[in-house]
1. Select from segment 221-264 the residues that are of a type in the set (A, V, I, L, M) and within 16 Å of ligand 2 (Cβ to nearest atom) and write down the one among them that is surrounded by the fewest Cβ atoms within 10 Å (Cβ to Cβ).
2. Restricting the search to segment 1-33, which residues are within 10 Å of the chain's Cα centre (by Cα) and within 12 Å of ligand 2 (Cβ to nearest atom)?
3. Search segment 1-17 for residues that are of a type in the set (D, E, K, R) and pair each with any residue that is part of a loop (DSSP other than H, G, I, E, B) and within 9 Å of ligand 2 (Cβ to nearest atom) when their beta-carbon atoms are under 9 Å apart and the residues are at least 6 apart or on different chains.
4. Within segment 44-67, can one find any residue that is within 16 Å of ligand 1 (Cβ to nearest atom), under 17 Å from residue 276 (Cα atoms) and out of contact with any strand residue (DSSP E or B) (no Cβ under 9 Å at 6 or more places or on another chain)?
5. I'd like to check which helices (runs of 4 or more DSSP H) are fully inside segment 182-279 and have at least 1 residues that are over 30 Å from residue 89 (Cα atoms).
6. So in segment 104-147, with the set limited to residues that are part of a helix (DSSP H, G or I) and aromatic (Phe, Trp, Tyr), which one is nearest to ligand 2 (Cβ to nearest atom)?
7. Within segment 196-220, which residues are surrounded by 15 or more Cβ atoms within 10 Å (Cβ to Cβ) and either touching a Leu at 6+ places or on another chain (Cβ under 8 Å) or charged (D, E, K, R) (or both)?
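Values in this text are rule-based calculations from the coordinates and carry no lab data. Predicted model only: the values in this text are computed from it and were never measured. Neighbour counts run over all protein chains shown; Cβ positions are idealised from the backbone, glycine included.
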Amino acid sequence: MTVAIYNNKGGVGKTTTTVNLAAVLTLKGKKALIIDFDPNQQDLTNSLGIKQGTETLYSYLEDRKNRVNPSNVIQSFGTKNTKTGHLFQIDVIPADEDLGSQGEDKLRQNFGIRRLYQILDSLKYEYDYILIDSPPNWRFFSQSAIYASDVVLIPTKHNNIFSLENAAVAIKQFIPQVQESRKDGGPIALPIFFNGESITDAGRNTAHKAIEEIIKQTPTSKFNLRPYFYPRYTQAKQDRHIFELPSYAHIANAAFSRVPAAYKDKTARNYYLELAKEYFLQ
Ligand SMILES: Nc1ncnc2c1ncn2[C@@H]1O[C@H](COP(=O)(O)OP(=O)(O)OP(=O)(O)O)[C@@H](O)[C@H]1O
Ligand SMILES: [Mg+2]
């Protein structure tokens, strides 16, 4: 399964989610590849202290004759369980500065937004999960990430109205646009989740009111946003549960030590295991 992690709003936890979700999936025995498709920030690459391979993502995207060996581009991040000695590994395609310095027109001309999808076509059989971190805008890199994905995971903040409104725009506008050009029904938006803030009952109520407004702004005949905010909601049982990934200092601090929090800290690990169970594992 290929997952794009996206929200047009910045700082909602896209990169952090990508890295920690991949970490817990490997702890569950899954093979995971993560792609830093935000070359202007390169946060994912830096948070793991990953270096470029002998060939770059740029050359991989440019190579239409399959001359680039993917193993020269893909790096790996490994960590050992000190008790059992078991090695857990995440494969990583690091960000590429050369890509970040290209103008939007050039990127579209040289590669087109289908190019990432094409190169993943040969890789997707080697991994259980491919996770793509994307930048907070709706330009070449995000469009490519969403075009390449089966599902889109959308972190939001319960106390940031723009992160909720942007999620709605992605769900009712951006993703359907991509579906139209893909023509195979994909990608599919997953229900949003709240990331990285402590939530009080009052704060949760305020968020629910704002979400009701957002849902109401689009007539159901045009697009029913409700299942993307409240996946458990039915007429009979008006369950407004939204998955919450709590705020936790170790999650933010882990980037300093260049090891995902989910590998280092039991509480962080459990938070992300819950996220993995909610969306990906049975
Ligand atoms: N659950 C959490 N608990 C504590 N801190 C968090 C949590 N999730 C993310 N953060 C912190 O919030 C900040 C923003 O997270 P992150 O960089 O993942 O967001 P982003 O959406 O990728 O941002 P950008 O839009 O700039 O790419 C980081 O400092 C990160 O460490
Ligand atoms: Mg980021």
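1. Within segment 221-264, the match that is surrounded by the fewest Cβ atoms within 10 Å (Cβ to Cβ) is 252.
2. 5, 6, 7, 13, 14, 15, 16, 17, 18, 19 - these are the residues of segment 1-33 that are within 10 Å of the chain's Cα centre (by Cα) and within 12 Å of ligand 2 (Cβ to nearest atom).
3. If the second residue must be part of a loop (DSSP other than H, G, I, E, B) and within 9 Å of ligand 2 (Cβ to nearest atom), the pairs left are 9/136; 14/38; 14/134; 14/135; 14/136.
4. No - not one qualifying residue is present in segment 44-67.
5. Answer list for segment 182-279: 201-217, 226-229.
6. The selected residue is 141.
7. Matches in segment 196-220: 196, 197, 204, 207, 210, 211, 214, 215, 218.
Results for (1) out of contact with any strand residue (DSSP E or B) (no Cβ under 8 Å at 6 or more places or on another chain); (2) more than 21 Å from residue 32 (Cα to Cα), shown as yes or no for each residue.
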site: 199; (1), (2): no, yes
site: 208; (1), (2): yes, yes
site: 228; (1), (2): no, yes
site: 231; (1), (2): yes, yes
site: 237; (1), (2): yes, yes
site: 241; (1), (2): yes, yes
site: 244; (1), (2): no, yes
site: 248; (1), (2): yes, yes
site: 268; (1), (2): yes, no
